[in-house]
Amino acid sequence: MRLLFVADGRSPTTLNWMRHWIERGDEIYLASTFACNPDLPLKGLDFTPVAFSRAKKLTSFPSSASTRTLGPRTVIRQWLGPLTIPRAARGLKAVIERVKPDLIHAMRIPYEGMLAADAYSDIPLIVSVWGNDFTLHALSTPLMRHYTHWSLSVADGLHTDCQRDVRLAKQWGYSVNKPTLVAPGNGGIRTDIFYPPSAPMEKPVVINPRGIRAYVRNDVFFKAIPLVLEKMPQARFVCSSMAGEAQAIQWIRELNIEHAVQLQPALPHAQMAEEFRRARVIVSPSVHDGTPNSLLEGMACGCFPVAGNLESIREWITPNQNGLLTDATNPRALADSILIALENKDLRTKAAGHNAKLIASRAEYQACMAQAETFYKKVLSH
């Protein structure tokens, strides 16, 4: 097949999906909304900026915005970003006319799905939904509502990472008669990279892999740390994609927890897997989410999950069986859940076995991408 992806070309999720089709022998083209230089043998690469992505620098990883600016920037993009779609769509139409793909896959509704929908021709379009597309962005402004509805009305196929978003997509205009695929957002977990340690981790290490995001309550996470240390002073906390983040550094100083916290930069998959294997517990303190890729990766590496109590997360975690769900807005509740996880070895052991089977049955990369192949064929035939 000749496939055109409309996506953030810096994203590991995008790279995971494209790599599968390249290895299968398909012709892969990328219309990236951010400047990038992916290390993949693409047949073509175009830059199709939208929602002010032209101002972004060429980087290897999606940027982790400062906590102080992330909220305002998100609001500005929600209000003004949709105004850039018509012009950007003209550029994407030119790419589509030149490439003549068999199928287009837009990975995320704002703004890649919106852009692809506005450039729609008679070529089948698949739209992927990311965890906060509906719960955070869709209702934020009138134009975001309009373009969310338009994207789902136009789409010929829908990929989500949880059943909740299939239900919400139908409320937003996606036809019940069109094909759907529910699979991890990044295409699945590569178990040759993300696998458990040879022996259970003995040190009380907690990892937060979520970085700086508008919907992740890192303020609550940092406030929970001294509460954990009161009872377990030997506990240590690793924070991924937060190195140099001024707000995180300020929280650490104000809470006097410098000795217990390590801020890390964004890491490649192999190094991230090693960090997961050094931890007992993975924490995902989010208030908007689908199925976080990093949460599944940590679970695959034997980490015990503590996550916000969200409908989408309940599709993966059963409390006191293979993880704990908590109020991500309450430092004491989060701290209590972390302490239960750190102190209860039997619970962690039971959860690790359950989660290994869960990842193998529902989230293994090759199996998920085999489902994606079938899904692509359904969309083309539909």
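The values are calculated or read from the model by the stated rules, or taken from the named source; none is laboratory data. Owing to the predicted nature of the structure, the values given are computational and were not obtained by experimental measurement. Glycine gets a Cβ as well: all are built from the backbone with ideal geometry, and neighbour counts include every protein chain shown.
Listed values, structure above:
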quantity	calculated
Answer from 250, 264, 271, 234 - the residue that is surrounded by fewer than 17 Cβ atoms within 10 Å (Cβ to Cβ), polar (S, T, N, Q) and under 23 Å from residue 16 (Cβ atoms)	271
Residue, surrounded by the most Cβ atoms within 10 Å (Cβ to Cβ), within segment 118-142, restricted to residues that are among the small types (Gly, Ala, Ser) and farther than 16 Å from residue 173 by Cα	119
Top-ranked residue of segment 206-222 - restricted to ones that are in contact with a Pro (Cβ under 9 Å, 6 or more places away or on another chain) and assigned to a strand (DSSP E or B), ranked as farthest from residue 273 (Cα to Cα)	216
Filtered residues of segment 163-181 (kept if farther than 25 Å from residue 15 by Cα, of a type outside the set (Gly, Ala, Ser) and not in a helix (DSSP H, G or I))	172, 174, 176, 177, 178
Residue pairs meeting the criteria (Cβ under 8 Å; at least 6 apart or on separate chains; first on the phi < 0 side of the Ramachandran plot, in segment 370-382; second exposed (fewer than 14 other Cβ atoms within 10 Å of the Cβ) and basic (Lys, Arg))	373/24
Single residue of 209, 184, 200, 226 found to be modelled with pLDDT of 95 or more and more than 20 Å from residue 8 (Cβ to Cβ)	226
Condition check for residue 196: in contact with an Asp or Glu (Cβ under 9 Å, 6 or more places away or on another chain), in contact (Cβ under 8 Å) with a residue 40 or more places away in the chain and surrounded by 17 or more Cβ atoms within 10 Å (Cβ to Cβ)	no
Residue match in segment 147-159 (condition: in the same structural domain as residue 78 (by TED's automatic domain parsing) and part of a loop (DSSP other than H, G, I, E, B))	yes
Any hit, segment 226-239, residues being without any contact (Cβ under 8 Å) to a residue 60 or more places away in the chain, within 18 Å of residue 341 (Cα to Cα), among the charged types (D, E, K, R) and assigned to a strand (DSSP E or B)	yes
Single residue of 206, 166 found to be more than 14 Å from the chain's Cα centre (by Cα), surrounded by 16 or more Cβ atoms within 10 Å (Cβ to Cβ), more than 28 Å from residue 149 (Cα to Cα) and not acidic (Asp, Glu)	206
Filtered residues of segment 45-71 (kept if in contact with a helix residue (DSSP H, G or I) (Cβ under 7 Å, 6 or more places away or on another chain) and either at pLDDT below 95 or on the phi < 0 side of the Ramachandran plot (or both))	46, 48, 49, 50, 52, 65, 66, 67, 68
Matching option when the condition is out of contact with any His (no Cβ under 7 Å at 6 or more places or on another chain), surrounded by fewer than 21 Cβ atoms within 10 Å (Cβ to Cβ), closer than 30 Å to residue 277 by Cβ and of a type in the set (S, T, N, Q), among 191, 160	191
Long-range neighbours under 6 Å by Cβ, at least six apart or interchain, first residue over 15 Å from residue 116 (Cβ atoms) within segment 148-163, second of a type in the set (S, T, N, Q) and assigned to a loop (DSSP other than H, G, I, E, B)	161/291; 162/291
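Condition check ((1) crowded, with 19+ Cβ neighbours inside 10 Å; (2) within 21 Å of residue 152 (Cα to Cα); (3) of a type in the set (Lys, Arg); (4) under 20 Å from the mean Cα position of the chain (by Cα)) across all residues:
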{"site": "76", "(1), (2), (3), (4)": "no, no, no, no"}
{"site": "79", "(1), (2), (3), (4)": "no, yes, no, no"}
{"site": "82", "(1), (2), (3), (4)": "yes, yes, no, no"}
{"site": "85", "(1), (2), (3), (4)": "yes, yes, no, no"}
{"site": "95", "(1), (2), (3), (4)": "yes, no, no, no"}
{"site": "98", "(1), (2), (3), (4)": "no, no, yes, no"}
{"site": "103", "(1), (2), (3), (4)": "yes, yes, no, no"}
{"site": "107", "(1), (2), (3), (4)": "yes, yes, no, yes"}
